[in-house]
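Inspection log for the structure reproduced underneath, given as structure tokens.
Nothing in this text is a laboratory measurement; each read-out follows from the coordinates by a stated rule. From a predicted model like this one, the values you see are computed outputs, not experimental measurements. Note that we place each Cβ from the backbone using ideal geometry, even for glycine, and neighbour counts take in every protein chain shown.
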Amino acid sequence: MPWFARAGLLAVVAVTTTALTTGCSDPPAKPAATPHTYSLPAETARPGESVLRPSLVTDGATRFWLIGFQDGMSSLIGSHAEWNAKGQFASARIVVQNVDRTNQKFEAKRQLLVASDGRVFHVDSFTQAMKRQPDEMMMGSFVRTEFDLWFDVPKDARITKVRLFGAPPFGSVTPSEGVELPVR
């Protein structure tokens, strides 16, 4: 067999072998999928505020994050005046998200602080208004917002938790008992 015939035969065998071995192998693995998440910029905490990194909690159709807490403030400065606390001011910075397909009403005035001795304290309407924070708001489907809850609690109160109440799920007839997150 002439040399060019042998070279041609070897080329055919090489191509056939390559086709058989690569054609029958599994396709290359796809790279692992990256999470489909938003990357939000970090925000500087307010002076004196403790930055918290708790888990998400859900109550009804509402998801919460407690991201900051501060207490022991004897006075506050609003947009027009300084105001002294009856006891001490405390603020909880929260992120609230409606996780339902319908609009939900979020009522800031329902939220509570819980002291180590079991006492509970409601949002202070005057302080909330002075700090220009909402008492309630309608939240669209899957809308997320961040704001402060303001309280005026006795000086001797050692706050340990915030109790958060969300909108009830559609069709619910029983009131929520709320969900609690530690503040320290």
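For Val143, the amide hydrogen comes within under 5 Å of the amide hydrogens of Asn98, counting only partners 5 or more places away or on other chains and with H modelled in the peptide plane. Under the simplified labelling scheme, the Ser141-Ala81 pair shows an inter-label distance of 4.5 nm, with each label point 7 Å from Cα along Cα→Cβ.
When you filter the trypsin sites (Lys or Arg not before Pro) in the range 126-180 for DSSP loop state and at most 14 other Cβ atoms inside 10 Å of their Cβ, you are left with Arg132, Lys155, Arg158. Okay, which of the range 122-154 sit inside 16 Å, backbone N to the point 7 Å along the Cα-Cβ direction of Val57? Answer for the range 122-154: 122-123, 149.
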